[in-house]
Amino acid sequence: MAIAAAGALALTALSTVTAVAAPVDPVNPQPQAEYCDPGMRAVISSNTPNTHDVKYRTSVTNGTGSTQNYKFSSKKSGTTTYGLSLSVSASLKAGIFASIEATINGSVEKSMTAEIGEEVSGTVKPHSTLKGDFGNWRENVSGWTAQQYSNCKYGTKTYFNAWAPYRTNWRVYY
């Protein structure tokens, strides 16, 4: 009986110690640790205002007291290509472009040519000058690249701006 009581007392003491400090599994000492495949990552952090890559400019002045008709026709062509404000590997550049296409604008392309002969028409207000810019709209984004480690933390971030053409367009304004 005395041995059984001593064993129960030892078991109680062991349980108390175990409750204070959780046991560590020697096979997997950090079972809750997060893991990421290490490598260079690119993150698009914001969609910035789009810009018009102008290939041809023209204007018409209406000096009369009534509205007048106009028609603009592009006389010059030009190509807008995908761009990036820093030099990175081809695979990272492709990843940034794919991310713009997938998350921001499904219409972006690596390059787009504004063609000769595209037209726009309408009316010009009296005593005013109407301007017309023809070219390609560019989707603009900003973001950063950094090395990601196996613990999912990032190293030093390098910031970039990127753009990709997505639409040929006349921009008409006063």
In order over segment 97-103: 3J(HN,Hα) from phi, Karplus 6.51/-1.76/1.60, θ = phi - 60°, whole Hz, x for each Gly or Pro, gives 4, 4, 5, 4, 5, 7, 9
Round to the nearest 0.05 the FRET efficiency obtained for Val60 and Thr81 when R0 = 25 Å and r is the Cβ-Cβ distance. 0.25
I need Ile104, Ile96, Ile116 ordered by Cβ neighbour count within 10 Å, fewest first. Ile116, Ile104, Ile96
If I take the Cα coordinates of segment 34-173 and project them onto the principal axes, what are the three extents in Å, biggest first? 72, 25, 22
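Since every read-out is calculated from the coordinates, none of them should be taken as a lab result. As the structure is a computational prediction, the values presented were derived from the model and not from experiment. Virtual Cβ from ideal backbone geometry, glycine too; neighbours counted across all protein chains shown.
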